Amino acid sequence: MATDKDNLYQFLLRLGDSSLILSHRTSEWCGHAPVLEEDIALANTALDLIGQAQMWLEYAGEVQGEGKTPDDIAFQRDAWDFRNVLLTELPNGDFGRTLLRQFLFDAYQSILMGRLIKSSDVTVAAIAAKTMKEVTYHVERSADTVVGLGDGTPESHTRMQEALDYLWPYVGELFQGDEVDIAMFQAGISPTPETLREEYDALVGRVLSEATLTVPESQFSHKGGRTGAMHTEHLGHLLSTMQWLQRAYPGCEW
Amino acid sequence: MKNEWPLWEVFIRGQHGMSHRHVGSLHAPDAETAVKNARDVYTRRNEGVSIWVVEAKHISATAPGDKGPLFEPSESKVYRHPTFFKIPGEVGHM
């Protein structure tokens with residue numbers, strides 16, 4: 001039987017890992033974005049996300065009570081211990097797909113953080129409040145880019161539609177709750193994921209329709225990231241880059 | 001076809017009460033994006049509380065060649081500076 005502490009720890013890992021893994025993915029664009037302005041904007045987003053990850057994982061470490069730092073948690077776990085949603089670990093693809101993935105995640109985060117601000121757990125509420133400011137900007141920026149590219153040239157439109165077809169089956173996982181979510185709900189810490197869906201669909205639907213993109217009809221959804229049951233093959237490759245230094249030189253500081 | 005986004009000049013106000021200062025330029029497809037880009041490129045280290053952007057083509061400027069007629073005449077008019085007054089010590093820093 002999972003204790004309250006275990007459930008809270010899992011809940012915090014899910015938040016922290018999603019920010020951490022998306023941060024790493026976004027940082028892969030550093031020096032490669034199509035224009036300087038976007039390059040810096042993406043790097044800023046990556047830094048915001050890593051700041052969030054640090055706060056969530058620091059609290060996770062406290063809750064776990066084994067003296068682990070955020071760095072220990074980020075760099076010394078293997079793929080099966082990660083609890084990020086699958087959406088965040090997917091490869092970047094082209095710039096449009098990266099920004100669409102960002103938007104799908106930003107929209108989710110903007111709604112979730114808005115609720116977590118009222119969490120019964122004061123630390124969760126405080127982290128959510130700080131995160132909310134960042135996310136408000138992120139979602140505005142990524143939505144604008146999605147509209148610009150979706151409703152852009154025939155080439156950009158085609159690429160964005162392909163990106164949406166590829167990414168959409170990973171959206172459902174954001175709203176699939178389990179016993180951890182129920183425990184968090186009962187403790188007044190977080191709403192259950194299912195209850196965020198309606199607001200999400202309204203926000204995302206509005207932007208995608210302005211972007212002249214069509215949401216795929218299939219209800220199929222990949223899952224397994226936030227429960228840790230099964231990640232995609234991409235996560236291990238990402239970790240081998242992200243964790244290389246701490247694996248090769250354990251405890252290295254500079 | 002011209003693929004380049006237009007150039008925008010960026011002005012940032014560092015603190016309340018100060019005026020906006022030109023800090024540089026960037027490319028963006030429209031004004032709204034220019035403001036966002038300016039936020040990302042020029043205020044990463046907490047430099048500002050307000051941003052103005054203006055498309056560079058809307059700025060009228062003096063020609064470098066006109067420097068002589070425009071600015072040199074004032075060089076010899078030192079009396080236009082209030083430097084000949086003695087400031088009483090009690091006034092302090094002005």
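The values are calculated or read from the model by the stated rules, or taken from the named source; none is laboratory data. Not measured: the values here are computed from a predicted model. Virtual Cβ from ideal backbone geometry, glycine too; neighbours counted across all protein chains shown. SASA here: full protein model, heavy atoms, side chains in, ligands and nucleic acids out. Shrake-Rupley method; radii C 1.70, N 1.55, O 1.52, S 1.80 Å.
Under the shape rule built on the C-alpha gyration tensor, where the axes satisfy a ≥ b ≥ c, chain B is oblate, since a/c reaches at least 1.5 while a/b does not exceed b/c.
Put a dot 7 Å past the Cα of A:Ile117, heading toward its Cβ, do the same for B:His58, and the two dots end up 3.2 nm apart. Short version: which residues of region A:130-148 lose at least 10 Å² of accessible area, all chains versus chain alone, 1.4 Å probe? By number: A:Tyr137, A:Glu140, A:Arg141, A:Asp144. Give the shape of region A:146-254 as rounded, prolate or oblate, defined through the alpha-carbon gyration tensor: a ≥ b ≥ c are the square roots of its eigenvalues, a/c under 1.5 means rounded, and otherwise the shape is prolate if a/b is larger than b/c and oblate if not. In terms of gyration-tensor shape, oblate.
Skip the ligands, DNA and RNA, and give the accessible area per residue of region A:130-254 with a 1.4 Å probe, whole Å².
On the way: 6920 Å² over 125 residues.
Normalised by residue count, the accessible surface of region A:130-254 is 55 Å².
Put A:His157, A:His237 in order of accessible area, highest first, and with a 1.4 Å probe you get A:His237, A:His157.
Compare each residue of region A:29-73 in its chain alone against the assembly with all protein chains, and report those whose accessible area goes down by 30 Å² or more; 1.4 Å probe, heavy atoms. Correct list: A:Glu37, A:Ile40, A:Asn44. Surface composition of the protein assembly as shown: carbon and sulfur make up 56 percent of the accessible area, probe 1.4 Å. Which of the three applies to region A:14-77, rounded, prolate or oblate, going by the alpha-carbon gyration tensor with a ≥ b ≥ c and a/c under 1.5 meaning rounded? Prolate, since a/c reaches 1.5 and a/b exceeds b/c. Interface A-B: total buried accessible area of about 1100 Å², 1.4 Å probe, protein heavy atoms only.
Between 0 and 90 degrees, the angle of helix B:31-42 with respect to the longest Cα principal axis of chain B falls at about 70 degrees.
Tell me, what is the FRET efficiency for B:Phe71 and B:Ser50 to the nearest 0.05, using R0 = 45 angstrom and their Cβ-Cβ distance as r?
Values: r = 30 Å, r/R0 = 0.67.
For B:Phe71 and B:Ser50, the calculated efficiency is 0.90.
Once the Cβ-Cβ distance between A:Thr153 and B:Met18 is put in as r, and R0 is 35 Å, what FRET efficiency do you end up with, to the nearest 0.05? Please report the intermediate quantities before stating the final value.
Values: r = 42 Å, r/R0 = 1.19.
The pair A:Thr153/B:Met18 has a calculated efficiency of 0.25.
Here is the list for chain B: GluC sites (Glu not before Pro) lying in DSSP coil, each with at most 11 other C-beta atoms within 10 angstrom of its C-beta, are B:Glu4. Report the percentage of all Cα-Cα pairs in region A:1-144 whose separation exceeds 21 Å, rounded to a whole percent. Looking at region A:1-144, the distances longer than 21 Å represent 41 percent of pairs.
Normalised by the number of residues in region A:155-254, the mean separation of alpha-carbon contacts (under 8 Å, six or more apart) gives a relative contact order of 31 percent. Pairs of C-alpha atoms in the protein assembly as shown farther apart than 35 Å represent 35 percent of all such pairs. A straight line joining the Cα centroids of region A:1-38 and region A:108-141 runs 14 Å.
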